[in-house]
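The structure appears right after this line, and notes come after that.
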Amino acid sequence: MGSRAHAGEGRFGGEQVGIVKPLTYMNRSGPVVADVLASGAIEPEDMIVAVDDVALPVGSIRIRSRGSSGGHNGLKSIDRSLDGAAYARLRIGVGPVPEGEDLADFVLDRFNGADEETFVDLIPTLVEAVECWIQDGVEVAMNRYNKRVADSE
């Protein structure tokens, strides 16, 4: 992968796990994921892709075993590179985009104070959700962690 991604691996709950963070633009992350899969060490159904999602409010989590890109350019790139192979998705709410604000500017900007606090508070839950996905599978993780901010109020 060289200069196209940061990668690491380790063990969790007796499982060999890896993490890859593409260094490309999000809409070009598919070839990086395809390179990882080409090594033969992992199958698409054994990976989870984490993405930001402006369609979900900050503090929301959505795990799916498969699905469409939902307009997300990173998922579109991965879908193209994997020819539609099924893989799990962890969508992390960062929206909504304020009216009149450019989408690219919004997702590349820092959170405002309240949203940053909500997101920072969400990080332990995100870690637990991925750990659950590794240990118990996508269905259990979906049932346990899929929530909207309003669900918890």
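FYI, it's all coordinate maths here, none of it is from the lab. As the structure is a computational prediction, the values presented were derived from the model and not from experiment. So basically every Cβ, Gly included, is an ideal-geometry build from the backbone, and we count neighbours across all protein chains shown.
How much length, in nm to one decimal, is gained on full extension between Ile42 and Ser68, taken as 0.36 nm per residue of separation minus their Cα-Cα distance?
Numbers: separation 26, 0.36 × 26 = 9.36 nm, distance 2.11 nm.
The Ile42-Ser68 span can extend by a further 7.2 nm.
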Positive minus negative residues near Ile78 (Lys, Arg vs Asp, Glu; Cβ under 11 Å)
+2
Longest exposed-site-free window of the chain, the sites being chymotrypsin sites (Phe, Trp or Tyr not before Pro) in a DSSP loop that have at most 15 other C-beta atoms within 10 Å:
26-110
Can you show me the helix-derived [θ] at 222 nm for the chain, built from DSSP H runs with n ≥ 4 at -39,500 (n - 2.57) apiece and divided by the number of residues, rounded to the nearest 500.
-11000 deg cm²/dmol
Taking alpha-carbon centroids only, the range 112-133 lies from the range 45-97 a number of Å equal to 16
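If you take the beta carbon distance between Ser3 and Val97 as r and set R0 to 41 Å, what does 1/(1 + (r/R0)^6) give as a FRET efficiency, to the nearest 0.05?
Values: r = 31 Å, r/R0 = 0.76.
Efficiency computed from Cβ-Cβ geometry: 0.85.
If you add up the charges near Ser69, with Lys and Arg at +1 and Asp and Glu at -1, over every other residue whose beta carbon is less than 10 angstrom from its beta carbon, what do you get? Let's see the in-between values first.
Details: positive: Lys76, Arg80, Arg89; negative: Asp79.
Result for the local shell: +2.
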May I ask for the equivalent-ellipsoid semi-axes of the range 32-104, computed as the square root of five times each C-alpha gyration tensor eigenvalue and listed largest first in whole Å?
26, 13, 9
Relative contact order [Cα under 8 Å, 6+ residues apart], the range 2-152, whole percent:
26
Separation of the Glu15 and Asn146 label points, Cα + 7 Å toward Cβ, nm
1.8
Exposed-site-free run, longest, the chain (rule: trypsin sites (Lys or Arg not before Pro); DSSP loop; at most 16 other C-beta within 10 Å)
1-65
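Sum up the charges of everything whose Cβ sits under 15 Å from the Cβ of Arg28, counting Lys and Arg as +1 and Asp and Glu as -1, but leave Arg28 out. Walk me through the numbers on the way to the answer.
Values: positive: Arg4, Lys21, Lys76, Arg80; negative: Asp35, Asp79.
Neighbour charge sum, excluding Arg28 itself: +2.
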Top mean-square fluctuation among Ser39, Ser68, Ser81, Gaussian network model of the chain, C-alpha springs under 10 Å?
Ser39
Förster-model FRET efficiency, 35 Å R0, Ala85 and Phe106, C-beta, rounded to 0.05:
0.70
So if the hydrodynamic radius of the chain is defined as the Kirkwood radius over C-alpha pairs, what does Stokes-Einstein give as its diffusion coefficient at 25 °C and 0.890 mPa s, in µm² per second?
150
Which of rounded, prolate or oblate describes the range 64-147 when judged by the alpha-carbon gyration tensor and an a/c cut-off of 1.5?
oblate
